[in-house]
Amino acid sequence: MPSCDAIVVGAGHNGLVCAAYLARSGLNVLVLESADEVGGAARTVEFAPGYKVSHVAHILNQLQTAVVRELQLKKYGLSYAASDLPTTALDLEARHLTFRGGAAERIDGDLADTERAAWSELRGRLVKYSGVLKPYLAKTPPRLRSGRMQDSTDLAALGFAVRRMGRKHMQEFLRMILMNVADVLEEDLSDDRLMGALAFDSVLGTGLGPRSPNSLMCLYYRLAGDADGMPGGLALPRGGMGSVAETFRNAAIAQGAQVRTGSPVRRILVDNDRACGVRLDNGEEIHASIVVSAANPKTTFLDLLGPQYLDTGFVRKVSSIRMNGRAAKLHLALDGLPSFDGVPESDYGGRFVVSPSIDHVERAFNPSKYGEYAPEPVMEFVLPSVSDPSLAPEGKHVLSAVVQYAPAGLKAGWDNARDGFYDAIMAVLEQYSPGLRDQVTSHELLTPDDMEAQYSMPGGHWHHGELGIDQMFMLRPAPGAAQYASPVPGLYLCGAGSHPGGGIMGAAGRNAASVIVKREA
Ligand SMILES: Cc1cc2nc3c(=O)[nH]c(=O)nc-3n(C[C@H](O)[C@H](O)[C@H](O)COP(=O)(O)OP(=O)(O)OC[C@H]3O[C@@H](n4cnc5c(N)ncnc54)[C@H](O)[C@@H]3O)c2cc1C
């Protein structure tokens, strides 16, 4: 049987990051990817002749600076078509607000001075509080009551960081942490356009509405990210997200890892109660004393490993991880640049948000609780071909939108509802860009069910599992596997289903590698 030190199942960006760090530590690493290309949900796809798009993830806002630096990603090809992107919150009467700088530091548009001052004060608090959590994204969550010095130190450091903010901020931090974003925003702000856009950012990629408990937490996560060195910034990779995946692949190979595509893993093998390798779909078996799965935790434990190696309590916890995606992806091939009244040409390369108010987002969310799509969806979109002409034929453009809410396993079935949902999205977009529909020469709508099928992502969920407070930090993906190690010695997790969750971040892959190196050295 061929063998290596460590097998990584899945060449999504986290799998590649983990492989790069493991190889860097001197291990002989093999990455096995079921698809014919690397990247997982970070991929560039030609969806119509000559029109390419970042097929799932499309904006970089969380890629860890440490990962970029330590793996020398710029040397291996990381390049931005645009960074420091503005976000324009579109308004039907063309009273758009444009957020600039990291975390909406400045706002252009017709906004009352009192509202600006209130936002500046609230923003200061949000940025401060997300800053307390930020270092924990790049750390293994502590294990409660483990008796280990490191866990106690990490917990104490969190407590100390909160205390160091001073009494007023400490109380405020603790008061806000479990609040929903709507309540937080409505305490201080009153402008629907501003609150609508902020509420959208808090629920993007989740199964939450702005009035759902702990929806503020996801805004903290977003604010804790950065792009191209800018805290709270946004960036578009040159060549789409597939080029970012290539960068990770190059970095992993440069460290000595091998990457095999078109190699679906069927089983994780166990011998003497320890993971000992994998069997591929074609029957080939490869031995390794370390198996790291970048696939979703449910897939890893229930399908690839098998419940017979796990105790029933753990199996129950894994089976009940919530991971029903509610974000769809729309791609439009356009025969020219669409027009948005009142948006200066210089902002067409930025991000747009259609989310007119908190109530609008909540109303769009409500049907998804009952397995139905939003009749008036909310969305973010970019026109990446504005800053990266390689994505469309000359003079033509692509529009890439993440649209909510579109639940996985729609009650009516997505085959029946796909056209209706496309019409609903286009009806919204047409209000802001009349005539847009006539500019569309081709389109592609990916529902969570499509993403599950095409990307091996159960539920098509952004984070491989909901980012609810009961599925975060030391509870992610489930107690017993929250520190990347699993109940089966030698088997580890390194994907978005682990702390700190999804997004093209690389944190889970990096954190997992550091645990593995410490435990297996
Ligand atoms: C609609 C949508 C929009 C998004 N937009 C953004 C965005 O704009 N910005 C952002 O930062 N994030 C975005 N995300 C989130 C982001 O795409 C994911 O969180 C991220 O890609 C997860 O990376 P990963 O490496 O952990 O997992 P994945 O990218 O899912 O990779 C897992 C890999 O494992 C492979 N695999 C699975 N099973 C097996 C097996 N048995 N054998 C071999 N290989 C296997 C899969 O093929 C895949 O390549 C979006 C997600 C969605 C759903």
**Message:** Checking the a/c ratio against 1.5 first, then a/b against b/c, what shape does the Cα gyration tensor give for the range 311-375?
**Reply:** prolate
**Request:** Post the alpha-carbon centroid distance, the range 252-266 to the range 396-441, in whole angstrom.
**Result:** 36
**Prompt:** What is the mean projected area of the alpha carbon convex hull for the chain, to one decimal in square nanometres?
**Reply:** 23.1
**Item:** Accessible surface of the chain, 1.4 Å probe, proportion on carbon and sulfur as whole %
**Value:** 49
**Request:** Any chance you could give the angle, 0 to 90 degrees and rounded to 10, that helix 414-432 forms with the longest Cα principal axis of the chain?
**Result:** 40
**Complete:** The Rg/Rh figure for the range 25-161, Cα atoms and Kirkwood Rh, to two decimals is 1.06
**Asked** Taking a 32 Å limit on the Cα-Cα distance, which of the listed pairs 168/298; 298/329; 75/518; 52/75; 168/518; 128/411 fall beyond it?
**Response** 168/298; 168/518; 128/411
**Prompt:** Which angle between 0 and 90 degrees, to the nearest 10, do you get for helix 149-163 versus the longest principal axis of the chain when only C-alpha atoms count?
**Reply:** 20
**Request:** For every helix of n ≥ 4 consecutive DSSP H residues, a contribution of -39,500 (n - 2.57) applies; sum these over the chain, divide by its total residues, and give [θ] at 222 nm rounded to the nearest 500 deg cm²/dmol.
**Result:** -10000 deg cm²/dmol
**Complete:** Over the range 118-228, with neighbouring protein chains present, the accessible area per residue in Å² at probe 1.4 Å is 43
**Fill in**
Nearest 10, in degrees from 0 to 90: the angle of helix 507-520 to the longest Cα principal axis of the chain is 10
**Asked** Where the centre of each part is set by its Cα atoms, how far does the range 1-35 sit from the range 175-201, in angstrom?
**Response** 42
**Request:** At 1.4 Å probe size, with every protein chain present, just tell me what the per residue accessible area of the range 448-508 comes to in Å².
**Result:** 23
**Request:** Above 23 angstrom, tally the Cα pairs of the range 118-228 and express them as a % of all pairs, no decimals.
**Result:** 33
**Request:** No other cysteine beta carbon under 4.7 Å away is the test; run it over the chain and list who passes.
**Result:** 4, 218, 276
**Request:** Could you work out how far apart the two model spin labels at residue 153 and residue 93 are, taking each label as a point 7 Å from the Cα in the direction of the beta carbon, and quote it in nm?
**Result:** 5.8
**Fill in**
Taking the convex hull of the alpha-carbon atoms of the range 221-272 and averaging its shadow over every direction gives an area in square nanometres of 7.1
**Request:** Under 16 Å Cα to Cα from residue 396, which aspartates and glutamates show up? Leave out anything in the same chain fewer than 8 places away.
**Result:** 46, 335, 345, 388, 438
**Message:** List the trypsin sites (Lys or Arg not before Pro) within the range 155-258 that DSSP assigns to loop and that have no more than 11 neighbouring Cβ atoms inside 10 Å.
**Reply:** 164
**Message:** Once you place label points 7 Å from the Cα toward the Cβ at residue 113 and residue 3, how far apart are they in nm?
**Reply:** 7.5
**Message:** In whole Hz and in residue order, list the ³J(HN,Hα) couplings for the range 165-175 that follow from phi through the Karplus curve 6.51 cos²θ - 1.76 cosθ + 1.60, θ = phi - 60°; x for Gly and Pro.
**Reply:** 6, x, 4, 4, 6, 4, 4, 5, 4, 5, 5
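The values are calculated or read from the model by the stated rules, or taken from the named source; none is laboratory data. Here the structure is a predicted model, which means the values were calculated and not measured. Neighbour counts run over all protein chains shown; Cβ positions are idealised from the backbone, glycine included. Ligands, DNA and RNA are stripped out before the accessible areas are found, and what is left, the full protein with its side chains, is counted by its heavy atoms. Shrake-Rupley method; radii C 1.70, N 1.55, O 1.52, S 1.80 Å.
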